[in-house]
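Visitor: Sharing a structure below in structure tokens format, with a few things to ask.
The values are calculated or read from the model by the stated rules, or taken from the named source; none is laboratory data. The structure displayed is predicted, hence computed values, not measured ones. So basically every Cβ, Gly included, is an ideal-geometry build from the backbone, and we count neighbours across all protein chains shown.
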Amino acid sequence: MSNKDYYSILGVDKSASKEEIKKAFRGLAHKYHPDKKGGDEKRFKEIGEAYSVLGDDKKRAEYDAYGRTFNGAGGGQGAGGFDFSGFTQGFGGGGQHVEFDFGDIFGDIFGGGGRSAERKRGRDISIDIELTFKESVFGVERRVLLMKTGTCEVCKGSGAKVGTDTVTCERCNGAGKVHETKQTMFGAFSSTRECEVCFGKGFIPKEKCPTCKGAGVMRREEEMTIAVPSGINNGEMIRMTGGGEAVSGGVPGDLYVKIHVKQDHRFKKEGYDIVMPLSIKLTDTLLGSSQKIETRGDLYVKIEIQVPNKLSRSAKKAAEMLRDEGI
């Protein structure tokens, strides 16, 4: 992906809230739509690309941290993977009937207000952990206890009481989707969204799980093991796919772990190298000496010679004798 300033494209600050970003996107999308007078297809697609990143918490976090995303966002894809190339076909009035699966953004624009038929995704979670310098060099496993929405351990996410059957959802007749047609100023639009009763499954439990009340998810504490790789740097982030919050009828979000490495009084990193300063006396350089150090694989030792600020008469005389000998 090219290094574009998506905040400037949408005309918002980097601190803008999700609602402010959504509002800016809606206004610009209407203004620059190719089928409208004064529209601009290139600008329209650029706006959609910017919103596809900044309107998604995970992609926005990656973009803010690294200046790019890692799952192919962009290229004219709007919120929820919406392809703007299809959206440019027959947008104007004239009573046309256009078939789309709207995301929640376009549902808001045209009054649908519902989510698309795309599978829902739980919220991402971010945490911070602190490591010693040694742990950052060699790697470590950390266990953390998180309070989050997770899959019900009793019904395993089904929402049904253990040992009971399921029945077809009457709201969607087992399709898992609900189709609606709305009349707007642009014509008639059909939208498809996930059934809010069965969460897209097409069936509901005959008897609800008493633990999660049929939701399949519940708020609880969960212990997670974080495998920190060797050589990680201060400020880097680990992404644990599926480690975020669960959602009924959808996939869980991700867990982002930001690493903070404590400074070591002996060692520091310079690029991929580990460096340790070693302070020795001037006489040690002249007469030789041995020093005991703690090694950690390949290590660069920077010798720092202690030069006295002031020489005594005898020391000055000894130094002059060395100079006379050409040392």
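Visitor: Which of (1) among the hydrophobic types (A, V, I, L, M, F, W, C); (2) without any contact (Cβ under 8 Å) to a residue 40 or more places away in the chain; (3) touching a helix residue (DSSP H, G or I) at 6+ places or on another chain (Cβ under 6 Å) does VAL261 not meet, given it meets every other one?
Guide: Answer for VAL261: the failing condition is (2).
Visitor: I want to confirm something. Restricting to the stretch 176-214 and keeping residues that are hydrophobic (A, V, I, L, M, F, W, C), out of contact with any Lys or Arg (no Cβ under 6 Å at 6 or more places or on another chain) and part of a strand (DSSP E or B), which single residue is modelled with the lowest pLDDT? Even if it seems obvious, please write down each step before you answer.
Guide: Going through the stretch 176-214, the residues hydrophobic (A, V, I, L, M, F, W, C) turn out to be 178, 185-186, 188-189, 195, 197-199, 203-204, 209, 212.
From the residues that got through so far, the ones that are out of contact with any Lys or Arg (no Cβ under 6 Å at 6 or more places or on another chain) too are 185-186, 188, 198-199, 203-204, 212.
Cutting the leftovers down to part of a strand (DSSP E or B) gives us 188, 203-204.
Details: ALA188: 69, PHE203: 83, ILE204: 85.
So, considering only residues that are hydrophobic (A, V, I, L, M, F, W, C), out of contact with any Lys or Arg (no Cβ under 6 Å at 6 or more places or on another chain) and part of a strand (DSSP E or B), the one modelled with the lowest pLDDT is ALA188.
Visitor: Just for the stretch 299-327: of the residues that are loosely packed, with under 10 Cβ neighbours inside 10 Å and β-branched (Val, Ile, Thr), which one is modelled with the highest pLDDT?
Guide: Within the stretch 299-327, the match that is modelled with the highest pLDDT is VAL307.
Visitor: In the stretch 152-175, which residues are part of a strand (DSSP E or B) and either crowded, with 19+ Cβ neighbours inside 10 Å or under 21 Å from the mean Cα position of the chain (by Cα) (or both)? Break it down stepwise before answering.
Guide: If we filter the stretch 152-175 for residues that are part of a strand (DSSP E or B), which is where we start, we get 160, 166-168.
Across the stretch 152-175, the qualifying residue is only ALA160.
Visitor: A further question on this structure: Would you check if SER15 is outside any helix (DSSP H, G or I), surrounded by fewer than 20 Cβ atoms within 10 Å (Cβ to Cβ) and at pLDDT 85 or above?
Guide: Numbers: outside any helix (DSSP H, G or I): yes; surrounded by fewer than 20 Cβ atoms within 10 Å (Cβ to Cβ): yes; at pLDDT 85 or above: yes.
Answer is yes for this residue.
Visitor: A follow-up question, please. With the condition kept exactly as written, say whether any residue in the stretch 165-178 is among the acidic types (Asp, Glu), closer than 29 Å to MET240 by Cα and out of contact with any Leu (no Cβ under 9 Å at 6 or more places or on another chain). Give the steps one after another, and end with the answer.
Guide: Filtering the stretch 165-178 down to residues among the acidic types (Asp, Glu) leaves 165, 170.
Checking which are closer than 29 Å to MET240 by Cα leaves us with none.
No, every residue in the stretch 165-178 fails to be among the acidic types (Asp, Glu), closer than 29 Å to MET240 by Cα and out of contact with any Leu (no Cβ under 9 Å at 6 or more places or on another chain).
Visitor: Of all residues in the stretch 31-75 being modelled with pLDDT under 80 and of a type in the set (Lys, Arg), which is nearest to LYS258 (Cα to Cα)?
Guide: ARG68
Visitor: When you go through (1) loosely packed, with under 14 Cβ neighbours inside 10 Å; (2) in a strand (DSSP E or B); (3) modelled with pLDDT of 85 or more one by one for LYS148, which number turns out not to apply?
Guide: (1)
Visitor: Yes or no: ASP254 among the acidic types (Asp, Glu), surrounded by 14 or more Cβ atoms within 10 Å (Cβ to Cβ), closer than 19 Å to ARG121 by Cα and at pLDDT 85 or above?
Guide: yes
Visitor: Here's another thing I want to ask about it. With respect to the numbered conditions (1) under 30 Å from ARG323 (Cα atoms); (2) touching a Ser or Thr at 6+ places or on another chain (Cβ under 6 Å); (3) among the hydrophobic types (A, V, I, L, M, F, W, C), which one is the sole condition not fulfilled by LEU282?
Guide: (2)
Visitor: Here are some conditions: (1) surrounded by fewer than 16 Cβ atoms within 10 Å (Cβ to Cβ); (2) under 30 Å from GLU270 (Cα atoms). PHE133 meets all but one. Which one does it not meet?
Guide: (1)
So that you can scan it fast, the table gives a plain yes or no per residue for (1) within 30 Å of PHE138 (Cβ to Cβ); (2) surrounded by 17 or more Cβ atoms within 10 Å (Cβ to Cβ); (3) outside the structural domain of VAL154 (by TED's automatic domain parsing):
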site	(1), (2), (3)
GLU221	yes, no, no
THR225	yes, no, no
VAL228	yes, yes, no
GLY231	yes, no, no
GLY249	no, yes, no
ILE259	yes, yes, no
TYR272	yes, no, yes
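Residues are listed down the side, and each one gets a yes or a no for (1) of a type in the set (Asp, Glu); (2) without any contact (Cβ under 8 Å) to a residue 12 or more places away in the chain; (3) under 23 Å from ALA160 (Cα atoms):
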{"site": "LYS206", "(1), (2), (3)": "no, no, yes"}
{"site": "GLY216", "(1), (2), (3)": "no, no, yes"}
{"site": "GLU223", "(1), (2), (3)": "yes, no, no"}
{"site": "ASN234", "(1), (2), (3)": "no, no, no"}
{"site": "GLU245", "(1), (2), (3)": "yes, no, yes"}
{"site": "ASP273", "(1), (2), (3)": "yes, no, no"}
{"site": "LEU278", "(1), (2), (3)": "no, no, no"}
{"site": "THR283", "(1), (2), (3)": "no, yes, no"}
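Visitor: Out of all the residues in the stretch 198-215, is one or more charged (D, E, K, R) and under 30 Å from LYS36 (Cα atoms)? Let's see the steps before the verdict.
Guide: Of the residues in the stretch 198-215, the ones charged (D, E, K, R) are 201, 206-208, 213.
If we keep only those that are under 30 Å from LYS36 (Cα atoms) as well, we get none.
So far as the stretch 198-215 goes, no, none of its residues is charged (D, E, K, R) and under 30 Å from LYS36 (Cα atoms).
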